[in-house]
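A.B. asks: I'd like to ask some things about the structure below.
The values are calculated or read from the model by the stated rules, or taken from the named source; none is laboratory data. The structure displayed is predicted, hence computed values, not measured ones. All Cβ positions, glycine included, derive from the backbone under ideal geometry; neighbour counts span all protein chains shown. Note: areas computed on protein heavy atoms with side chains; ligands, DNA, RNA excluded. Shrake-Rupley method; radii C 1.70, N 1.55, O 1.52, S 1.80 Å.
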Amino acid sequence: ALMTINYNGSSQSHWSRRKKKGHCLLRVSAISYQDFIDFSLNETKRHALLVPSPLQEKYSSMIAMDGRTRLEMSSFETPRIRLLRSMSIEGEAMQVLDFAAFPKPEFDLPIFCGNFFTAANTNIVVLDLNPLHDVISRRDYKEKYYDRLMPLGLKYTELLPWGGKLTSESIKFFSPIVIWTKFTSSKSKHEVLYSAFVEYYKAWLELMEQAVEETDPSLIMCNLEAQHRYLTWRAEKDPGHGVLKRLIGEKLAKDLLRNFLFSGIDELGSKTFLDYFPEYGSEGGTISEKRSIIGKGFESRPWDKNGEKLIKERMKVK
Ligand code: BLA
């Protein structure tokens, strides 16, 4: 029962590539996130001059400690994008995409974030234009980028419903159009996810194209610090760390996180994780191992149809 997954016509080549590498052909509904990456790079090329990132030399592909799971990395930059990078993981029982686009600090553009984890028929998905600045206190920022994207968000948040409670701290990194969802693998769900990715990425590219470069040094600093804070958070607390450590070991996982996935931590600013998130401080000045201090929250979508009114969090206080 070999199923042909046909998102955009390029899936055939993936099957044949797998065959050449001697992979099992009976992965009935295994998804390959390579199509998502191919789309995004081709689409970016239509809007901007895409050049390889210096990170490409060090980060290209790796085989995990199991000898079978492959990690594929790619990285680029454009005149407006500081770092456009992807990591995909293809294993017998796991497929992962971690895709992000980080703008240059002269732009207050959102950070594009596509994080998809597929294993044993479950899918854990975050797709968003992560806001660089707080969408509640910075109303102007929400209006500038999100108000006109609400119809797009509504369309997909109906098809891909809210995934339930999550680390409460994460919500500040999400926008009113975030797609946070979990689902059981099926051809139709993966097709919806692919088209959501396509539409969100196209929307982000349009914002990028229209963005006006900031010249005020204090506003550029503000963008720089916001991006640095974001990188610092994700390099330390992203939920995928455990999987990466199991695949390639703690040392390589840390290197991949700090120097590839969230590259810029050492260049964009000098504040530490505890400077930004002091509540994670534990005795002796170390960072608490806990993923969350507040606990899990947001059982349902906390924004209304206009992307407003953060629903009061029904949170279990530990
Ligand atoms: C779970 N991944 C999650 C969850 C979220 C995210 C919200 C639910 C658990 C939680 O609330 O922490 C994703 N969280 C994000 C993202 C941001 C954030 C993208 O704050 C951005 C600001 N996920 C990946 C990758 C892997 C992965 C690359 O993106 C593996 C290499 C795995 N994510 C993964 C796993 C879980 C998960 C295994 C479930 C286990 C768990 O909840 O700890």
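A.B. asks: Rounded, prolate or oblate: which one fits segment 141-206, using the alpha carbon gyration tensor with axes a ≥ b ≥ c (rounded when a/c is under 1.5, else prolate when a/b beats b/c, else oblate)? Walk me through the intermediate numbers first.
C.D. replies: Numbers: a/c = 2.23, a/b = 1.19, b/c = 1.87.
Oblate shape, in that a/c is at least 1.5 and b/c is the bigger or equal ratio.
A.B. asks: Could you please put W180, W162 in sequence from largest to smallest accessible area, using a 1.4 Å probe? If you can, show how the numbers build up before the last one.
C.D. replies: Details: W180 20, W162 45 Å².
Ranked list, largest accessible area first: W162, W180.
A.B. asks: Separate question: Quick check on segment 194-266: take the gyration tensor over C-alpha atoms, sort the square-rooted eigenvalues as a ≥ b ≥ c, and tell me if it's rounded (a/c under 1.5), prolate or oblate. Show your work: numbers first, answer last.
C.D. replies: On the way: a/c = 3.35, a/b = 1.43, b/c = 2.35.
Because a/c hits 1.5 or more and a/b fails to exceed b/c, segment 194-266 counts as oblate.
A.B. asks: Once ligands and nucleic acids are excluded and a 1.4 Å probe is used, how much of H133 is accessible, expressed in Å² to the nearest 10?
C.D. replies: In the full protein context, H133 sits at about 20 Å².
A.B. asks: Now for a different question. At a Förster distance of 30 Å, what's the computed FRET efficiency of D140 paired with A93, Cβ-Cβ distance as r, to 0.05?
C.D. replies: Working: r = 46 Å, r/R0 = 1.53.
So, using R0 = 30 Å, E works out to roughly 0.05.
A.B. asks: Here is a further query. Is the chain best put as rounded, prolate or oblate by its Cα gyration tensor, with a ≥ b ≥ c the root eigenvalues, rounded for a/c under 1.5, and otherwise prolate when a/b is larger than b/c, oblate when not? Don't skip to the answer; put the middle values down first.
C.D. replies: On the way: a/c = 1.31, a/b = 1.28, b/c = 1.02.
Rounded shape, in that the Cα axes give a/c under 1.5.
A.B. asks: Still on this structure: Could you state the accessible area per residue of the chain in Å², with a 1.4 Å probe and every protein chain left in place? Could the numbers behind the result be given before it?
C.D. replies: Numbers: 15220 Å² over 318 residues.
Here the residues of the chain average 48 Å² of exposed surface.
A.B. asks: Give the relative contact order (percent, whole number) for the chain; include only Cα pairs under 8 Å separated by 6+ residues.
C.D. replies: Numbers: 489 pairs, mean separation 47.3, N = 318.
Normalised by residue count, the contact order of the chain is 15 percent.
A.B. asks: Under 15 Å from the 7 Å Cα→Cβ point of N121, by amide nitrogen: which residues of segment 187-212?
C.D. replies: Only 187-190 pass the distance filter.
A.B. asks: What FRET efficiency comes out for the pair K254/V51, r = Cβ-Cβ distance, R0 = 22 Å, nearest 0.05?
C.D. replies: 0.20
A.B. asks: Calculate the FRET efficiency for K245 and Y276 from the Cβ-Cβ distance with a Förster distance of 25 Å, rounded to the nearest 0.05.
C.D. replies: Numbers: r = 23 Å, r/R0 = 0.91.
Between K245 and Y276 the formula returns 0.65.
A.B. asks: Still on this structure, I have one more. Charges at C-beta only: +1 for Lys and Arg, -1 for Asp and Glu. How large is the resulting dipole of segment 45-150 about its Cα centre, in Debye rounded to 20? Walk me through the numbers on the way to the answer.
C.D. replies: Working: 14 positive and 14 negative charges, 68 e Å.
Dipole about the Cα centre, nearest 20: 320 debye.
A.B. asks: Just the accessible area for T122, please: 1.4 Å probe, Å², rounded to the nearest 10?
C.D. replies: Roughly 80 Å² of T122 is accessible to a 1.4 Å probe.
A.B. asks: Can you give me the relative contact order of segment 40-190 as a percent, contacts being Cα pairs under 8 Å and 6 or more apart?
C.D. replies: 15
A.B. asks: I've got another one for you. Quantify, in whole percent, the carbon and sulfur part of the accessible surface of the chain (1.4 Å probe; protein heavy atoms only). Intermediate results must be reported in sequence, preceding the final value.
C.D. replies: Numbers: 8290 of 15220 Å².
Carbon plus sulfur share of accessible area: 54 percent.
A.B. asks: Here's something else I'd like to know. For the full complex of protein chains and a 1.4 angstrom probe, list R246, R80, R139 by accessible area with the highest value first. If you can, show how the numbers build up before the last one.
C.D. replies: On the way: R246 170, R80 70, R139 115 Å².
Solvent-accessible surface, decreasing: R246, R139, R80.
A.B. asks: Just to make sure I understand: if all protein chains stay in place, what is the order of M65, M208 by accessible area at 1.4 Å, largest first? Don't skip to the answer; put the middle values down first.
C.D. replies: Working: M65 130, M208 5 Å².
Putting M65, M208 in descending order of accessible area: M65, M208.
A.B. asks: Continuing with this model, one more query. Report the full-extension gain for the segment D266 to Q210: residue separation times 0.36 nm, less the Cα-Cα distance, to one decimal in nm. List each step's numbers first, then the result.
C.D. replies: Working: separation 56, 0.36 × 56 = 20.16 nm, distance 2.92 nm.
Once the chain is fully extended between D266 and Q210, it gains 17.2 nm.
A.B. asks: A follow-up question, please. Hydropathy at least -0.5 by Kyte-Doolittle, axial extent at least 18 angstrom from the Cα trace: which helices of the chain, defined as entire DSSP H runs, fit?
C.D. replies: The answer, listed by residue number, is 187-210.
A.B. asks: Separate question: Given points 7 Å out from each Cα along the Cα-Cβ axis, report the R301 to D66 separation in nanometres with one decimal.
C.D. replies: Here the answer is 3.4 nm between the modelled labels.
A.B. asks: How far apart, in nm, are the 7 Å Cα→Cβ label points at I293 and L41?
C.D. replies: 4.0
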